[in-house]
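The values are calculated or read from the model by the stated rules, or taken from the named source; none is laboratory data. No experiment lies behind these values; they were computed from the predicted model shown. Because the Cβ atoms are built from the backbone with ideal geometry, glycine has one as well, and the counts that use them run over all protein chains shown. With ligands, DNA and RNA removed, areas are computed over all heavy atoms of the protein, side chains included. Shrake-Rupley method; radii C 1.70, N 1.55, O 1.52, S 1.80 Å.
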Number of protein chains: 4
Amino acid sequence: MNTTELTRRLHAIRDTNNWQRFHSPKNLAMAANVEMAELVEIFQWKSEDESRALPADELAHAGQEIGDVVLYLLLLCAELGLDLDEVVRAKLADSERRFAR
Amino acid sequence: MNTTELTRRLHAIRDTNNWQRFHSPKNLAMAANVEMAELVEIFQWKSEDESRALPADELAHAGQEIGDVVLYLLLLCAELGLDLDEVVRAKLADSERRFAR
Amino acid sequence: MNTTELTRRLHAIRDTNNWQRFHSPKNLAMAANVEMAELVEIFQWKSEDESRALPADELAHAGQEIGDVVLYLLLLCAELGLDLDEVVRAKLADSERRFAR
Amino acid sequence: MNTTELTRRLHAIRDTNNWQRFHSPKNLAMAANVEMAELVEIFQWKSEDESRALPADELAHAGQEIGDVVLYLLLLCAELGLDLDEVVRAKLADSERRFAR
């Protein structure tokens with residue numbers, strides 16, 4: 001994933017639509033959370049086994065919601081001055097330290 | 001972001017800890033959502049302006065929660081047979097079609 | 001709020017539709033959370049000031065989502081053997097102890 | 001549940017602590033959502049069957065989170081000029097119309 005390129009394209013959409021005033025970190029975190037809940041909604045009445053075998057349309061829907069979440073996180077990172085790749089790597093390294101045996 | 005490498009390392013942690021039985025898509029979506037809410041919590045009582053100027057410790061905390069969300073989304077994509085990079089690109093292309101003027 | 005009466009009516013709907021098998025506490029918590037995110041969605045791009053002055057249609061929508069959340073919490077409490085009124089009173093008493101000066 | 005009495009007591013805590021400036025509907029919806037996610041967290045790695053048989057300490061914890069959610073919804077309703085009892089009844093009546101057979 002080339003986060004720099006993705007962010008540049010997201011900012012082009014934002015600027016074309018004059019959305020910058022909406023893109024406070026507070027609002028972007030809320031928006032990412034709302035998209036995440038739309039992902040959760042796909043699974044809410046399914047058993048765990050059913051969640052492992054989504055029909056094609058629901059799988060595509062899940063992919064779209066996951067995409068939405070990551071796009072909002074990219075916008076959020078840009079506003080916060082964070083690098084998405086870097087924060088993910090730092091957290092993974094932390095998990096490796098804590099959970100390796 | 002090299003999603004293949006990150007996923008391989010996440011699966012190593014999972015297998016070392018015998019967590020595979022917990023990693024249904026349903027559960028991973030819930031876990032990603034819970035981490036997302038921990039991100040939202042950072043902003044809940046802040047004004048939008050304050051959210052643009054987080055103190056260093058809260059900024060670091062935000063980065064950790066963003067990292068957690070993406071790591072769970074990587075695990076979720078692996079279980080669903082989706083490629084995170086691909087779903088993000090597809091969603092961005094869709095947004096470009098809908099919101100370009 | 002007469003939680004006993006409300007729960008009895010919710011159970012009548014559940015039984016008429018044969019939904020009992022879906023109503024594990026895990027699923028009901030997810031469903032309540034999804035409705036909550038639909039409430040949050042109303043506010044995500046609004047300023048705090050705008051959130052204090054919702055147009056009538058959005059105010060009605062907010063009321064519906066709040067209603068949905070509470071109905072799922074009533075169903076959840078019934079499955080868990082908790083009394084909604086009691087848990088709310090206990091939490092409020094706890095807050096009074098912690099935050100009175 | 002006597003929502004009028006509960007709201008009066010919540011407002012007393014709020015005023016004692018000078019929290020009114022934080023209590024925009026936007027913020028209160030976020031806070032309710034964060035508490036809801038803490039409820040979801042209890043269930044995230046449990047099977048549905050396990051969620052039906054919580055240990056006593058986790059059941060008590062669930063009750064506290066449910067209480068927190070409802071208290072924030074009461075504060076939110078007060079700010080929006082909505083009556084919690086009324087919105088719950090309206091939504092239930094709507095469900096009865098839609099899902100009765």
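Which value, in Å² and to the nearest 10, is the accessible area of A:Thr3 when all protein chains are kept and the probe is 1.4 Å?
The accessible area comes out at roughly 20 Å².
One decimal, nm, shortest first: give the distances between the label point of D:His61 and those of the same position in the other copies, each label point 7 Å from Cα along Cα→Cβ.
Distances between equivalent label points, in nm: 1.9, 3.1, 3.5.
So what does log10 I(q)/I(0) come out to for the protein assembly as shown at q = 0.11, 0.13, 0.15 Å⁻¹, using the Debye formula with one equal point on every Cα and no solvent?
-0.82, -1.15, -1.49
Just check region A:1-41 against the gyration tensor rule for me: Cα atoms, a ≥ b ≥ c as the square roots of the eigenvalues, rounded for a/c under 1.5, and otherwise prolate or oblate depending on whether a/b exceeds b/c.
oblate
If you count only protein heavy atoms with a 1.4 Å probe, what accessible area per residue comes out for region C:3-99, rounded to a whole Å²?
Result: 40 Å² of accessible area for each residue.
Can you give me the solvent accessible area of B:Lys91 with a 1.4 Å probe, rounded to the nearest 10 Å²?
About 20 Å², rounded to the nearest 10.
Nearest 100 Å² is fine: what is the total accessible surface buried where chains C and B meet, probe 1.4 Å?
Counting protein atoms only, the buried area is about 500 Å².
Inter-copy label distances at C:Asn17, 7 Å along the Cα→beta-carbon direction, one decimal in nm, shortest first?
3.2, 3.6, 3.7
Using Cα pairs closer than 8 Å and at least 6 residues apart in sequence, work out the relative contact order for chain D, in percent.
41
For region C:3-99, which whole-number percentage of the solvent-accessible area (1.4 Å probe, protein heavy atoms only) is attributable to carbon and sulfur atoms? Mind showing how you got there, number by number?
On the way: 1820 of 3840 Å².
Percent of accessible area from carbon and sulfur atoms in region C:3-99: 47.
Helix-only mean residue ellipticity at 222 nm, chain C, DSSP H runs n ≥ 4 weighted -39,500 (n - 2.57), per residue, nearest 500. What is it?
Details: 5 runs with 78 residues, N = 101.
About -25500 deg cm²/dmol.
At a Förster distance of 35 Å, what's the computed FRET efficiency of A:Asn2 paired with A:Arg97, Cβ-Cβ distance as r, to 0.05?
In this case the efficiency is close to 0.80.
Starting from the residue with the highest accessible area, list D:Leu71, B:Leu82 in decreasing order, probe 1.4 Å.
B:Leu82, D:Leu71
Are there any helices in chain D, counted as whole DSSP H runs, that stretch 15 Å or more along their axis by Cα and score at least 0.5 on average by Kyte-Doolittle, and if so which?
For chain D, where a helix must reach 15 Å along its axis and average at least 0.5, the hits are D:25-43, D:56-80.
Hey, what does the equivalent ellipsoid look like for chain D, semi-axes from the Cα gyration tensor as sqrt of 5 times each eigenvalue, largest first, whole Å?
Ellipsoid semi-axes (Å, largest first): 26, 22, 12.
Please report how far the C-alpha centroid of region D:27-70 lies from that of region C:33-101, rounded to the nearest whole angstrom.
Value for the Cα centre distance between the two parts: 14 Å.
Report, for C:Ala90, each distance to the same residue's label point in the other copies, shortest first and in nm; define the point 7 Å along Cα→Cβ.
C:Ala90 label point versus its equivalents elsewhere: 3.2, 3.9, 4.5 nm.
Please list, by residue number, everything in region C:85-101 whose backbone N is under 19 Å from a paramagnetic label point 7 Å out along Cα→Cβ of B:Glu50.
C:99
With every protein chain left in place, what is the accessible area of D:His23 in Å² (1.4 Å probe, nearest 10)?
Its accessible surface works out to 10 Å², give or take rounding.
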